[in-house]
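Read through the structure below, which is laid out as structure tokens, and then see the notes.
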């Protein structure tokens with residue numbers, strides 16, 4: 001059984017796992033909020049069966065803190081994506097979320113709001129020119 005039914009308006013979510021995938025997204029559109037940095041880029045190669053997936057990668061640098069802190073930040077980002085991305089992410093796009101200090105300090109509802117705002121901004125035509 002598939003995650004989504006045709007015409008439901010919900011986008012299936014995949015994961016970025018290879019360094020080359022993260023580096024590819026790095027060259028795309030970027031939007032910064034107090035709790036995260038979102039990078040987005042449409043995929044040029046659409047593999048059969050994967051063209052309707054929005055894929056996400058998560059990262060937290062060592063400047064954020066130790067391993068426990070970085071893992072907690074990534075878990076919060078993953079949960080925010082799980083809750084809001086199916087309605088707001090675009091099919092055929094790859095996204096990378098970079099944790100910031102606000103990822104742990106902000107309330108979870110604010111984190112979700114930041115993610116939804118960032119997803120909307122990276123898809124605005126004018127936003128691609130401003131960096």
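The values are calculated or read from the model by the stated rules, or taken from the named source; none is laboratory data. Since we're looking at a predicted model, the values are computed, not measured. Every residue, glycine among them, receives a Cβ derived from its backbone with ideal geometry; neighbour counts consider all protein chains shown.
A compact table of results
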item	result
All positions within the stretch 78-122 that are outside any helix (DSSP H, G or I) and more than 14 Å from residue 25 (Cβ to Cβ)	91, 99, 100, 101, 106, 107
The stretch 52-74 - residue that is part of a helix (DSSP H, G or I) and in contact with a helix residue (DSSP H, G or I) (Cβ under 8 Å, 6 or more places away or on another chain) and, of those, surrounded by the most Cβ atoms within 10 Å (Cβ to Cβ)	73
Hey, residue 5 over 26 Å from residue 125 (Cβ atoms) and at pLDDT below 90 or not	yes
Residues located in the stretch 80-115, provided they are within 11 Å of the chain's Cα centre (by Cα) and surrounded by fewer than 16 Cβ atoms within 10 Å (Cβ to Cβ)	82, 90
Top-ranked residue in the stretch 8-45 [being under 24 Å from residue 75 (Cβ atoms) and assigned to a loop (DSSP other than H, G, I, E, B); ranked as modelled with the lowest pLDDT]	10
Test: residue in the stretch 86-98 that is closer than 17 Å to residue 34 by Cβ and at pLDDT 95 or above	yes
